[in-house]
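Take a look at the structure below.
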Amino acid sequence: MERIYNFSAGPAMLPLPVLEEASKGVLEIQNSGMSILEVSHRGKHYEAIHYDTIQRVLSVLSLSPEEFDVLFLGGGASLQFAMLPMNFLRAGQTADYINTGEWAVKAISEAKRFGTVNIAGTSEDRRYSYIPTELHLSPSARYVHITTNNTIEGTEWHTLPETNGVPLVADCSSDIFALERDYSRFHLFYAGAQKNAGPAGVTLVVARKEFLQQAADDVPTILSYKTHAKANSLYNTPPVFAIYVMNLVMKWIEAQGGLKTIEAHNRQKAALIYDALDAHPDVYDPTVTQKADRSLMNVTFRLKNPEWEAAFLEGAKARKMEGLKGHRSVGGFRASIYNAFPIEGCQALADYLHAFAANPT
Ligand code: PMP
């Protein structure tokens, strides 16, 4: 099989060695005579994988198992938009949200069902093309919520905001494991797995144990963080296969040299594409003009002349590049280059950007 350059925003490319190992696991794991898809989630084969994944997630993120819990939940990051305020926000209480794009808007609309939402900062005025620095935080907020990487708009928080003691909470769906970051700054963060952590089906929640203990008790059992923390994410059947693949992804990250090496590689990859876009300002419009706020994961741009779009996509396809169309809500183009996306693909896109700019019709 010849692999193409798949720029999809998620589910997205996984490392080939992970896919190869996972395909073996689909047939048999640990000489058990059983597929990973067949074993009990309470049996020794799966349990070993489960606890090993928890330990590796914390170790890759440089977090202590004494301070942090790792939860494997279903429902995607979208469930976390509701589960977070369901567990931490009540009528009469305020949570601060920073509105940096469409996913943040969804998180905000769920939080409003439970309590007061203070929009502590927003970049809505310029189509979410930057990360706001002017914040109006409420000193008594239950938490401050940010979206570390804005998958649709192509911005990323490269410096975390100072919250003056208020718990910082984040949707890290599209840049978890992409760069070195002081994850201990967060009280809780979550991520759908299907970009940098594994296949769709599992959502990772990492939280300070002490913070989870402050969660409300009047929450349906299955939606309570306390339930899952107490049961080590084995309260009900977890998404076994997705966690197994996440385990393989963690081992792959370790083999690359951890987040330091991954970040250096991601910076190199993104620079190839941004430099090519910036080299032809008469042909390309990178949507994030403030370079410091540009995402390492999702490079978003438009063509100066929308009439060139069909030809641009066709040329990309001929070079085995797929998934470059921007999110349906914003149009334009988006190159999603998560951890497993190879640097050769970024070079191929950069070469194509230069070639297309020479004759853009
Ligand atoms: N937040 C962000 C930043 C995302 O990119 C996405 C998905 N693209 C979501 C939340 C929603 O995730 P899910 O589909 O897992 O619910």
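Flag set for Ala215, criterion: in contact with a Ser or Thr (Cβ under 9 Å, 6 or more places away or on another chain), in the same structural domain as Leu58 (by TED's automatic domain parsing) and of a type outside the set (Phe, Trp, Tyr). In this structure, is Asp175 without any contact (Cβ under 8 Å) to a residue 24 or more places away in the chain and in a loop (DSSP other than H, G, I, E, B)? The answer is no for Asp175. Taking first residues from the stretch 75-99 that are outside the structural domain of Cys172 (by TED's automatic domain parsing) and partners that are within 11 Å of the ligand (Cβ to nearest atom), no Cβ contact under 7 Å between residues at least 6 apart in sequence or on separate chains turns up. Return a yes/no flag: does the stretch 3-23 have any residue that is under 28 Å from the mean Cα position of the chain (by Cα), closer than 24 Å to Asn232 by Cα and not assigned by TED's automatic domain parsing to the domain that holds Gly345. Scanning the stretch 3-23, I find at least one residue that is under 28 Å from the mean Cα position of the chain (by Cα), closer than 24 Å to Asn232 by Cα and not assigned by TED's automatic domain parsing to the domain that holds Gly345, so the answer is yes. For the stretch 314-351, a tally of residues being assigned to a helix (DSSP H, G or I), hydrophobic (A, V, I, L, M, F, W, C) and surrounded by 15 or more Cβ atoms within 10 Å (Cβ to Cβ) returns 5. Among the conditions (1) surrounded by 20 or more Cβ atoms within 10 Å (Cβ to Cβ); (2) within 30 Å of Gly101 (Cα to Cα); (3) not basic (Lys, Arg), the only one that Ser184 does not satisfy is (1). Within the stretch 256-276, can one find any residue that is over 30 Å from Val18 (Cα atoms) and out of contact with any Leu (no Cβ under 6 Å at 6 or more places or on another chain)? There is at least one residue in the stretch 256-276 that is over 30 Å from Val18 (Cα atoms) and out of contact with any Leu (no Cβ under 6 Å at 6 or more places or on another chain). Filtering the stretch 48-65 to residues that are of a type outside the set (Gly, Ala, Ser) and in contact (Cβ under 8 Å) with a residue 60 or more places away in the chain leaves Ile49, His50, Tyr51, Asp52, Thr53, Ile54, Arg56, Val57, Leu58, Val60, Leu61, Leu63. For first residues located in the stretch 118-144 and in contact (Cβ under 8 Å) with a residue 12 or more places away in the chain and not assigned by TED's automatic domain parsing to the domain that holds His187, partners that are exposed (fewer than 14 other Cβ atoms within 10 Å of the Cβ) and of a type in the set (A, V, I, L, M) and lie 6+ apart or on another chain with Cβ distances below 8 Å do not occur. Quick check on Thr163: is it closer than 17 Å to Ser295 by Cβ, away from the ligand (no atom under 16 Å from the Cβ) and assigned by TED's automatic domain parsing to the domain that holds Gly74? Answer is no for this residue. If only residues of the stretch 126-174 that are touching a helix residue (DSSP H, G or I) at 6+ places or on another chain (Cβ under 9 Å) and of a type in the set (D, E, K, R) are counted, the one that is surrounded by the fewest Cβ atoms within 10 Å (Cβ to Cβ) is Arg142.
Hey, any hits in the stretch 341-348 for a residue that's under 25 Å from the mean Cα position of the chain (by Cα), within 24 Å of Glu2 (Cβ to Cβ) and of a type in the set (Val, Ile, Thr)?
Yes, the stretch 341-348 contains a residue that is under 25 Å from the mean Cα position of the chain (by Cα), within 24 Å of Glu2 (Cβ to Cβ) and of a type in the set (Val, Ile, Thr).
The values are calculated or read from the model by the stated rules, or taken from the named source; none is laboratory data. This one's a predicted model, so the numbers in the text were calculated from it and none came from an experiment. Methodologically, a virtual Cβ is constructed for each residue, glycine included, from the backbone with ideal geometry; neighbour enumeration extends over all protein chains shown.
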